[in-house]
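The values are calculated or read from the model by the stated rules, or taken from the named source; none is laboratory data. This is a predicted model, so every value here is computed, not measured. In this analysis, Cβ positions are derived from the backbone assuming ideal geometry, glycine residues included, and neighbour counts consider all displayed protein chains.
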Amino acid sequence: MTAAVSAVKAALRNQAIETPSWAYGNSGTRFKVFAQPGVPRTPREKLDDAARVHAHTGVAPSVALHIPWDRVDDYAALARHAEERGLRIGAINANVFQDDEYRLGSVCHPDAAVRRKALDHLLECVDIMDATGSGDLKLWFADGTNYPGQDDVRARQDRLAEALAAVYERLGEGQRMLLEYKLFEPAFYTTDVPDWGTAYAHCLKLGEKAQVVVDTGHHAPGTNIEFIVAVLLREGKLGGFDFNSRFYADDDLMVGAADPFQLFRIMYEVVRGGGHESRTAFMLDQCHNIEPKIPAIIRSVMNVQEATAKALLVDREALSAAQAEGDVLAANAVLMDAYNTDVRPLLAEVREEMGLDPDPIAAYHRSGWAERITEDRKDGRQAGWGA
Ligand code: PSV
Ligand code: MN
Ligand code: MN
């Protein structure tokens with residue numbers, strides 16, 4: 001094995017892909033949620049399922065929580081439950097979009113009492129980080145307006161900045177605030193954090209513990225996401241990803257399903273910028289509405305691994321030489337050679353070296369877990385959107 005291949009394998013072994021607790025629960029569109037047999041009823045059961053994903057892939061050691069969807073009385077006990085299964089609690093996602101009071105927004109709401117309620121929730125999420133050992137607070141705001149003139153756009157930015165500063169102050173040693181942007185939805189005219197520029201401007205003012213999250217589904221069609229990734233990494237402001245696929249808007253389909261070439265281009269910029277060796281968080285943010293959830297999450301983890309492997313295989317020396325010579329076709333060919341490499345045998349080897357089955361999905365199907373949870377979880381209310 002050449003030194004280069006062993007370095008690629010080491011990077012693949014060390015990659016950590018975070019799975020979202022909500023992907024294990026029932027989800028759907030605004031038209032229908034199709035319940036599936038065996039779906040978890042509690043945050044603990046979501047962790048039990050996440051442990052199966054980690055057991056078969058070896059690279060999914062943390063689980064993001066969404067509060068209040070994953071509200072429990074004792075968060076330290078929940079973290080212990082994770083630990084006993086070889087997992088840890090990942091990003092705490094604050095949810096300030098589901099209560100009736102948030103009709104006109106949360107931290108940007110015109111009424112100070114609603115803003116206070118939202119801020120209290122964000123601060124509670126930092127308490128939960130303390131209790132679970134989580135290092136990341138993930139903030140996505142559904143705030144915005146539907147009609148021109150509805151509210152003062154600049155005043156809303158001031159309110160946002162005020163809330164973010166209060167949360168930032170509360171962060172402890174080693175804790176980060178990850179600010180997510182989204183082009184539109186649920187607001188249709190203005191969104192208060194619509195793009196990476198707005199998120200970056202707020203994070204820059206706050207300080208080094210504040211970084212931007214790139215959710216791959218949150219851009220206008222045709223946006224060059226890898227360029228955003230390159231710029232944010234260069235500025236030390238790429239906190240992480242919410243990975244998923246989109247064909248139209250925020251589709252939340254499996255990452256790498258719609259456009260594996262885009263995922264490769266993103267991962268190449270991550271590798272190029274050293275993001276795979278830094279604290280950049282590789283999180284999934286997906287919903288599995290019609291497909292079985294655990295195998296879909298395993299497939300998603302594998303898709304990220306495949307794109308990463310291809311990005312790591314790019315011959316950087318040959319690429320730099322072609323770029324320096326202005327040889328457009330040769331430079332493009334270096335990237336395409338890596339993209340067109342079948343990395344599945346390499347990843348199968350990596351898994352075998354980790355003591356895993358080379359085919360995680362087949363191993364999951366053989367494990368009997370799906371049959372077991374279908375039987376064990378017949379009673380009670382399944383977890384799903386809003387629960
Ligand atoms: C919003 O569309 C979002 O991407 C945010 O990350 C939320 O936390 C998540 O979806 C909820 O599914
Ligand atoms: Mn997201
Ligand atoms: Mn989204």
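Residues that are charged (D, E, K, R), away from ligand 3 (no atom under 14 Å from the Cβ) and either in a strand (DSSP E or B) or under 15 Å from the mean Cα position of the chain (by Cα) (or both) within the stretch 129-145 comprise just one, Asp136. Scan the stretch 108-149 for residues that are among the charged types (D, E, K, R) and within 16 Å of ligand 2 (Cβ to nearest atom) and the total you get is 3. Return the residues of the stretch 12-40 that are of a type in the set (D, E, K, R) and surrounded by fewer than 20 Cβ atoms within 10 Å (Cβ to Cβ); say none if nothing qualifies. Selection gives Arg13, Arg30, Lys32. Please tell me if Glu124 is more than 16 Å from ligand 3 (Cβ to nearest atom), in the same structural domain as Ala165 (by TED's automatic domain parsing) and within 30 Å of His56 (Cα to Cα). For Glu124, the condition - more than 16 Å from ligand 3 (Cβ to nearest atom), in the same structural domain as Ala165 (by TED's automatic domain parsing) and within 30 Å of His56 (Cα to Cα) - is not met. Could you tell me whether Ile298 is surrounded by fewer than 18 Cβ atoms within 10 Å (Cβ to Cβ) and aliphatic (A, V, I, L, M)? Judged against the criteria, Ile298 is not a match. Of the residues Ala94, Ala60, the single one that is within 16 Å of ligand 1 (Cβ to nearest atom), among the small types (Gly, Ala, Ser) and closer than 22 Å to Gly239 by Cβ is Ala94. For Ala201, the test of being more than 16 Å from ligand 2 (Cβ to nearest atom) and free of Cβ contacts under 8 Å to residues at least 12 places away in the same chain is passed.
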